[in-house]
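K.L.:
The structure under discussion is supplied below as structure tokens; questions concerning it will follow.
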Amino acid sequence: MWWALIVVAGLGKSSLLPNCTDIDGHLIVPNGTVEIPDNKYKNCNSITGVTFNTDGALIKIGSAAFYGDSASPFYGYNDILSQLGGPLFIPKSVKEIKYIAFFKTKITSLVFEEGSQVSIIGFGVFNFCYNLTGAVKLPQDVTEMYPSFGYTAIESIEIPQKTRLIHIEV
């Protein structure tokens, strides 16, 4: 079994994250993991669920970390490769969820841990998560949010008053 050693400069922490080819089912992010790097599990269709560590170490979920599409984010909307589904629980230590982190996954619900420190939700983070339903309550620390919930089945979203909604025109 192969493992990737991730060392985050300046934070003095490292952790072992399995490669996509070593996962068949539910991914458990180990304690001590500081970030899920950009593109780490992009198009990894062997992950069916994810549990993030709750030891307070995880601070960033990178761009396209769990991206579930083989095409660009603007083409091939029906081509969902990701099997990542079920509920998604974001631990309170996470401060940033970057661009298209969970784009086109099959997650069904989204919960931020009480006391969440998420301050930035990047563009398209949950776009095209067709199975994402129910109500979403964003953490009070969210100060910037880009369009992030397009083409979901969310019934309502509670956005803190201080959140700056950033619109992107194309």
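K.L.:
Calculate, for Glu114 and Asn45, the FRET efficiency according to 1/(1 + (r/R0)^6) with r their C-beta to C-beta distance and R0 30 Å; round to the nearest 0.05.
P.N.:
0.40
K.L.:
Accessible area, 1.4 Å probe, largest first: how do Tyr130, Tyr67 sort?
P.N.:
Order by accessible area, largest first: Tyr130, Tyr67.
K.L.:
For Gly85, what charge total do you get from the other residues with a beta carbon under 12 Å from its beta carbon, if Lys and Arg give +1 and Asp and Glu give -1?
P.N.:
Residues near Gly85 contribute +2 overall.
K.L.:
To continue, here is another question. Straight distance only, please: which lysines reach the Cα of Lys98 with their own Cα at less than 16 Å, same-chain residues fewer than 8 apart left out?
P.N.:
Once the sequence-local lysines are set aside, what remains near Lys98 is Lys40, Lys42, Lys60.
K.L.:
Based on the mean of other beta carbon atoms within 10 Å per residue, what is the order of 23-34, 102-113, most packed first?
P.N.:
102-113, 23-34
K.L.:
Roll a 1.4 Å probe over the protein heavy atoms and report the accessible area of Glu155 in Å², nearest 10.
P.N.:
The accessible area comes out at roughly 150 Å².
K.L.:
Which peptide among 118-124, 55-61, 156-162, 45-51 comes first, and what is the full order, when sorted by highest mean count of other Cβ atoms within 10 Å?
P.N.:
118-124, 55-61, 45-51, 156-162
K.L.:
Quick one: compute the contact order of segment 100-170, relative version, from alpha carbon pairs under 8 angstrom and 6+ residues apart, as a percent.
P.N.:
Answer for segment 100-170 is 32 percent.
K.L.:
If I model a spin label as a point 7 Å beyond the Cα along the Cα-Cβ vector, how far apart are those points for Phe89 and Tyr146 in nm?
P.N.:
It works out to 2.9 nm between the two label points.
The values are calculated or read from the model by the stated rules, or taken from the named source; none is laboratory data. Remember, it's a predicted structure, so these values are computed and weren't measured experimentally. For neighbour counting, all protein chains shown are included, and Cβ atoms are generated from backbone atoms with ideal geometry for every residue, glycine included. Heads up: the accessible areas ignore ligands, DNA and RNA and are worked out on the full protein's heavy atoms, side chains in. Shrake-Rupley method; radii C 1.70, N 1.55, O 1.52, S 1.80 Å.
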